[in-house]
Amino acid sequence: MKLRGWRRLIAAVPLLAIVFLMSGCSTDMGVLDPKGTVADQQFDLIMITVIISIVIFVPVMAMTFWFAWKYRENRKSDAEYKPNWSHSTKVETFMWGIPIVIIIILGTITTVYSFKLEPSKALAAETKDGVKPITIEVTSLDWKWLFTYPEQGIATVNYVQFPEDVPVEFKLTSDAPMNSFWIPQLGGQIYTMSGMAMELNLIANEPGEYQGRGANFSGEHFGKMEFIAKATSQEDFDHWVADIKQSSPALTEQGYDELAEPGVVDTNDTYSSFPEGLFDRIVNKYGSSHNHSGASEGESSSEETSSED
Amino acid sequence: MWEDIKDWASDFFVTGDPLIYGADVGIVLASLSILFVLTYFKKWKWLWSEWITTVDHKKIGIMYIIAALLMLFRGGMDALLMRTQLVMPDMEFLKPEHYNEIFTTHGVIMILFMAMPLMFGLFNIAVPLQIGARDVAFPVLNSLSFWLFFMGAMLFNLSFVIGGSPNAGWLAYPPLSETMFNPGVGQDFYIWGIQISGIGSLMTGINFIVTILKMRAPGMKLMKMPMFTWSVFASSLTIMLAFPILTVTLALLFIDRFLGAHFFTLDAGGNPMMYINLIWMWGHPEVYIVILPAFGIFSDIVSTFSKKKVFGYKSMVFALMIISVVSFVTWAHHFFTMGSGASVNAFFAISTMVIAIPTGVKVFNWLFTMYKGKISFKSPMLWTMGFIPCFVVGGLTGVMLSVAPADFQFHNSYFLIAHFHQVLIGGVAFGYFAGLYYWWPKMFGFKLDEKLGKWAFWLWNIGFYVCFMPQYVLGLMGMTRRYSTYSWDTGWFGLNLVSTIGAFIMGAGFLVQVWQIVYSIKKMDKDTTGDPWDARTLEWSIPSPAPMYNFATDPRVSDVDEWWEEKQRIAAGKPTPKPALEPIHMPKNSAMPIFKATFWFLAGFGFVFDWMWLALPAMAGVGITMLVYSFNYDTEYYIPVDEIRKTEAAAGRAV
Amino acid sequence: MSHNANHAVQGHGHDHGGHHDLDALRQMGFWLFLITDCILFGTLFATYIVLHNNTAGGPTASELFEMPGVIAETFILLTSSFTSGLAVLCMNRGNKKGLIGWLIVTVLLGASFVTLEVTEFLKMIDEGAKISTSAFLSGFYTLVGTHGLHVSVGLVWMTALIIQLSKRGITKTTRRKINIISLYWHFLDAVWIFVFTIVYMMGVM
């Protein structure tokens, strides 16, 4: 009797989970609901690994419970008992062979995708002809995100907007402890580190508001490091830029210093201009003392990794 | 004057939080009552000579385990506080600052002050008995290791009430952990707490390598060692190679903070990325250090409860050794998102996947050990059965994480959190629980209640899945780790609520275990046979609890399952003849470890608060203790044959 | 430091078939300790190599290092390694006086090495090259200082052994202790060769 109660409880768990999942569908499903080329490919890759995992999981679980049931001590069947059976070349070949084959397959897929989805690789080739990518500079501060648009000459806080179907080249750095820049629906994250200009190429294939967040702990109000990434049509974007140019205040050097002070910003401030070369200055502030500059290609930082070996 | 003292006290002690005041009162009351009980029952001398100065590996093991269970309680409380804060959006149960401290201490305590000592406890209890030795290679060093761990853990926990807890995450990435962003003493407590106990761990690693290589009973070739002993060997080897890196890394961080050096600072040429590389060069092997012994425990348990030889012994050994070697070249998978480039990422992705091969092989080994066996599902085996599915899922999500280009979407999200809790709870915690249930009768001479054990098992198992399965989904929905709160429009409420319920179910599981221990002590179901599970290895050939000299005469070994074979021989009327009793050479107790560790504690405390008047004399004290010890040549004695005969007779053994 | 703890006298007589030889245990334990110490120094060398160009406007290696002093230090330490070897030779011949004498010479040489190093450090600090000046100097002082600290610990330890020897003479136990410290001393010598090459030679070149 007791057992039956347990089973009912166990069965109820996944059901409950599914109910909650369903109720969550109207909201942002993050990685599971990709809206850009990069996120699409990453989603496909995740699905490949899920399928491979299931292919392993199901037979292993079947064996586990089947063996446990069949060879239980007080069994009624006359299943064999061989206390000294401890070696079989056939079984051992399979037991090493199967994981090796799976890892070879997965390793190959991983290597191919590693180069295909390298975040610093430009996406231009994947869009229609004649679309020029837009560059947006991202600086993580304590505890807010500053976005500067070198081509448009505007700046925003905790809010970033760009046209759909246009590759976005994010250049990222930090003027505070390391963080990580992540818009799950558009693609994977990359660290923002002081003294380096990292590169992340994303694209939105649909208009919409996407949740973005800091993914690497950076201190007290790290939990407030959320931002909105909005993809609109090119026209709307141009309007939005023009609007800011007209109505927002300028971000001065002093204004930046105040913004960089630790604290939380609740409003999505916008600025009609920002000091020339602000981003490079932030990078160089720390970068000059490092023996590596900008790890976007990964060459210098990979050298470092190996030299510490 | 009074005002000055008040000012100082409000800085020195952690103030302002009712939770902490409550804990303060609790700690003071508990300490007072312990002091009272010890004094009232005149137990101080007993405590000193039987426990504090003991060099007996079995007692040291028990002390490790008690300390680990206390730490499990503290770490578990941290977990429940966190889950309460996250139960619904916009909670204001904990302030962000407090939340940050709690996830930091939770991580540090669970890995370094819970998993490690529980593991060392089991090393100590089982390894010398499994290899037929009378103690470890260096018993005094062993006691020193324990006291260093203990003092390190106490120092770390002290930050809860004095000075403030560390709050930069369990690995304390700079620059956040540097004075520039983290001027308080919490981070120094972190450094010294871990440093002191880390030195102890390093010495334990060396101790067990020598023990296993040099102290095996006659006839026990390397390839005739029990699987748990093999796993301890692999783990100790990994400790020996990985822990010096931790020592250096923490020392450098301390030099940065204390002397204003620039190893990991943002300015003057410091390189924070170097810290991240270094800490993971220790940190990744560290997780294998704790999981390998669990593999060994499962191997012994599966074989014992299936009443069958372990399948593919050579494969098992080979797999263990591969894991411990390859674990050193996977560290960069913890930061695929650092922009190291596709080739570096692909290399570390593949090296990580390679570990999945021997790990998968081990799972098949356990399954084929069960195949054609006669399986009984007592507590230890039950935990093993809970472990296999849990670990397989955790392993598979681990492989998913190792796919570097996909990791850009998993990294630092709750997907990662769910993964490593699945391998650390499902693998390590379940493994050590299984080990505890398995060796409990050998440690204390009585059995734990099976019925309560089943309750604990099911609560833990169900609680685990309820807690962590939703977290995989939350991660994919974009919830990142270490967020102290989230808003309603994220859509994360439902899954977080479920997860919190699961955490409390596991908490209930822990309570049932505590009750199980109390109940079983009262019931006192004595193990008179010394072999309650009808097991296979040498530790079961002697009485429970083991006499202080372990083996009255050196066992002779001719098989992996020596005790099982011996039982067959006894049944056939042809037991191996035992050699005549001889006086046994034993090490004397030593007070050096407790003194030396106390000096380390004081030195650490002094460095935390920049009190050189305390730190420097205490460091001198560390040196002087060693010197005094070096001059002591009177450190051993013999147990006479008569006494051995009496002890054996009292345990019901004819000699 | 932990290596001293290896002196702990342990259980297990060798009277049971002789498979637990106490001396062998300790020798092995000490070799393993040396492996961990190698990793410790290896990590410090790695950090130094990563940081050695990050002078942050402070003095560089070639501006700072004065080779004559360093070469003197090197010769002194190499000689002390040689004299510690002579001490062991005396011990093996049962010559207690010679053993103690050579150990004293070794201690004196070691002490002068440490003195020279400390003087060098003080002079550099005086010139404004402090540990907090740049990442390069942080790496330098920590690496070279850790070696110096090892030598200093060795000096105290060796002095203690000299006292024990004079009290107890050459016994099985003291013989083991001398063998172990001599191993330690040679090890520090080998580490210094790396310090000399990687830090000083490559620094001034």
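The values are calculated or read from the model by the stated rules, or taken from the named source; none is laboratory data. Please read these numbers as outputs of a predicted model, since none were measured by experiment. Here the Cβ is made from the backbone with ideal geometry for all residues, glycine too, and neighbour counts use every protein chain on show. Ligands, DNA and RNA are stripped out before the accessible areas are found, and what is left, the full protein with its side chains, is counted by its heavy atoms. Shrake-Rupley method; radii C 1.70, N 1.55, O 1.52, S 1.80 Å.
Annotations
- Some residue of the range B:424-439 being open to solvent by 20 Å² or more (accessible area, probe 1.4 Å), more than 10 Å from chain A (Cβ to nearest Cβ) and either under 30 Å from residue B:347 (Cα atoms) or in contact with a strand residue (DSSP E or B) (Cβ under 8 Å, 6 or more places away or on another chain) (or both): yes
- When each of B:567, B:588, B:578, B:574 is tested for being of a type in the set (D, E, K, R), open to solvent by 40 Å² or more (accessible area, probe 1.4 Å) and touching a strand residue (DSSP E or B) at 6+ places or on another chain (Cβ under 8 Å), the lone residue that passes is B:588.
- Residue under evaluation residue A:181, criteria (1) more than 12 Å from chain B (Cβ to nearest Cβ); (2) within 23 Å of residue A:285 (Cβ to Cβ), criterion not met: (1)
- The test for being open to solvent by 20 Å² or more (accessible area, probe 1.4 Å) and not aliphatic (A, V, I, L, M) holds for residue B:328.
- Check on residue B:110, open to solvent by 10 Å² or more (accessible area, probe 1.4 Å) and in contact (Cβ under 8 Å) with a residue 24 or more places away in the chain: yes
- Listed by first and then second residue, the pairs with beta-carbon distance under 8 Å, at least 6 apart or on different chains, first residue in the range A:53-67 and within 15 Å of residue B:403 (Cβ to Cβ), second among the charged types (D, E, K, R) and open to solvent by less than 20 Å² (accessible area, probe 1.4 Å), form an empty list.
- Among the residues of the range B:201-214, those that are in contact with a Leu (Cβ under 8 Å, 6 or more places away or on another chain) and either among the aliphatic types (A, V, I, L, M) or modelled with pLDDT under 95 (or both) comprise B:203, B:206, B:209, B:210, B:214.
- Among residues of the range B:201-226, those that are crowded, with 24+ Cβ neighbours inside 10 Å, more than 8 Å from chain C (Cβ to nearest Cβ), assigned to a helix (DSSP H, G or I) and aliphatic (A, V, I, L, M), counted: 1
- Meets criteria (part of a helix (DSSP H, G or I) and more than 22 Å from residue B:112 (Cβ to Cβ)) for residue B:276: no
- All conditions but one from (1) free of Cβ contacts under 8 Å to residues at least 12 places away in the same chain; (2) over 30 Å from residue B:95 (Cα atoms) apply to residue A:258; the one that does not is (2).
- Of all residues making up the range B:71-130, the number that are β-branched (Val, Ile, Thr) and either touching an Asp or Glu at 6+ places or on another chain (Cβ under 8 Å) or not in a helix (DSSP H, G or I) (or both): 5
- Boolean, residue C:56 is open to solvent by 20 Å² or more (accessible area, probe 1.4 Å), under 29 Å from residue B:264 (Cβ atoms) and aliphatic (A, V, I, L, M): yes
- Residue in the range A:44-98 that is surrounded by the fewest Cβ atoms within 10 Å (Cβ to Cβ), counting only those that are acidic (Asp, Glu) and modelled with pLDDT under 90: A:78
- Candidate set from the range B:353-375 (those that are over 23 Å from the mean Cα position of the chain (by Cα) and farther than 15 Å from residue B:299 by Cα); member that is farthest from the other protein chains (Cβ to nearest Cβ): B:354
- Screening residue B:404 against (1) among the hydrophobic types (A, V, I, L, M, F, W, C); (2) crowded, with 22+ Cβ neighbours inside 10 Å; (3) under 24 Å from the mean Cα position of the chain (by Cα); (4) at the interface with chain A (Cβ under 9 Å from one of its Cβ atoms) leaves a single unmet condition, (3).
- From the list C:129, C:190, the lone residue that is more than 10 Å from chain B (Cβ to nearest Cβ), not in a helix (DSSP H, G or I) and not basic (Lys, Arg) is C:129.
- Considering the range B:37-90, and only residues there that are surrounded by fewer than 18 Cβ atoms within 10 Å (Cβ to Cβ) and of a type in the set (Ser, Thr, Tyr), the residue that is farthest from residue B:593 (Cα to Cα) turns out to be B:84.
- Matching entry among C:157, C:102 (being in a helix (DSSP H, G or I), more than 30 Å from residue B:266 (Cα to Cα), open to solvent by 30 Å² or more (accessible area, probe 1.4 Å) and aromatic (Phe, Trp, Tyr)): C:102
- Matching residues, the range B:119-155, being touching a Gly at 6+ places or on another chain (Cβ under 8 Å), aliphatic (A, V, I, L, M) and under 22 Å from residue B:559 (Cα atoms): B:125, B:126
- Within the set B:169, B:198, the sole residue that is within 12 Å of another protein chain (Cβ to nearest Cβ) and in a loop (DSSP other than H, G, I, E, B) turns out to be B:169.
- Subset of the range A:195-214 [assigned to a loop (DSSP other than H, G, I, E, B) and open to solvent by less than 10 Å² (accessible area, probe 1.4 Å)]: A:195, A:196, A:203, A:204
- Pick from the range A:187-220, criterion more than 9 Å from every other protein chain (Cβ to nearest Cβ) and β-branched (Val, Ile, Thr), ranking: nearest to residue B:170 (Cα to Cα): A:192
- Counted residues, the range B:228-259 - those being closer than 30 Å to residue B:317 by Cα and within 10 Å of another protein chain (Cβ to nearest Cβ): 11
- Residues being of a type outside the set (Val, Ile, Thr) and within 14 Å of chain B (Cβ to nearest Cβ) - total across the range C:50-89: 9
- Enumeration of residues in the range A:103-126 that are within 8 Å of chain B (Cβ to nearest Cβ) and either of a type in the set (S, T, N, Q) or open to solvent by less than 60 Å² (accessible area, probe 1.4 Å) (or both): A:103, A:106, A:107, A:109, A:110, A:111, A:113, A:114, A:117, A:118, A:119, A:120
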